[in-house]
Each structure stands twice: as structure tokens, then as C-alpha cells.
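Peer 1: One structure is given below, represented as C-alpha cells, and several questions about it will come after.
The values are calculated or read from the model by the stated rules, or taken from the named source; none is laboratory data. What you are looking at is a predicted structure, and each value in this text was computed from that prediction instead of being measured. In this analysis, Cβ positions are derived from the backbone assuming ideal geometry, glycine residues included, and neighbour counts consider all displayed protein chains. Accessible surface areas use protein heavy atoms only, side chains included; no ligands, DNA or RNA. Shrake-Rupley method; radii C 1.70, N 1.55, O 1.52, S 1.80 Å.
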Amino acid sequence: QVQLVESGGGLVQAGGSLRLSCSASGSLSGIIAMGWNRQAPGKRRELVTVVFNDGSTNSLDSVKGRFTVSRDNAQNMWYLQMNSLKPEDTAVYYCYANINGNKYWGRGTQVTVSA
């Protein structure tokens, strides 16, 4: 059983920063990729950024240069540093992991960016 728990969301003004954290527990051997998705009101869930085991990454064009994902393997934590936030970044952010081909998400944390 895999559990992902996000934290760090909140309300921030445009131009500000937030750091989201994801705490992972359970059977984590065989991680293929980890990262973050988000879902804005009335929109489909979308990939924000993902890091694969070979170190390659894939990110939403609109967050490139502003968002950075990092991982602490010893603590089974990963993070999303979000800078220069914009109102269109407002969404529920979900921690994501692909473990042996099975996909897992946390329950999400709300990020609201005011203009």
C-alpha cells in the first residue's frame, strides 16, 4: 500500500512563492517516476512536472523556469518549489508517483494565487 500526503498549500499574492511537500510511505521500491499534477476549477487534471528515474523531466510549458521539483530519497519526500506564482496557477495540487507501472496520487493541497 502506498500513501502520498501533500502539505504546504495556501493563499499567496501573485509574484510570491510556495513550497509544496509530499510525504510518501508504504511499498516504494520500484518508483519509475514522481512529480506533481494539478486541477483548476472546471478543468481537467494536468501534469505540472514529473521526474523519471533516469533523471529526465517533463514539465508544463507554463511553469518552466518558475517551478522546480526535488526529492529527498532518505526521507521519502519530494517537493515542488513554486516561484513567480500567477493567478492561473490556482489549483489543487496532487503529489504523484508511478511505482512499477501503478499510478498513485495524494488527496491534494489547495494553492490559491490572488491578483
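Peer 1: Please give the FRET efficiency for residue 54 paired with residue 1, using the beta carbon to beta carbon distance and R0 = 35 Å, rounded to the nearest 0.05.
Peer 2: 0.85
Peer 1: Cα to Cα, under 16 Å, and not fewer than 8 places away if on the same chain: which aspartates and glutamates meet these conditions relative to residue 43?
Peer 2: 88, 89
Peer 1: Sticking with this structure for a sec: What is the P(r) of the chain, as percent of Cα-Cα pairs per 5 Å bin from 0?
Peer 2: 2, 12, 24, 26, 19, 10, 5, 1, 0
Peer 1: Now for a different question. Tell me the per residue accessible area of segment 62-102 using a 1.4 Å probe; a whole number in Å² is fine.
Peer 2: Averaged over the residues of segment 62-102, the accessible area is 47 Å².
Peer 1: Carbon and sulfur together cover what percent of the accessible area of segment 13-78 at a 1.4 Å probe radius?
Peer 2: With neighbouring chains kept in place, the figure for segment 13-78 is 45 percent.
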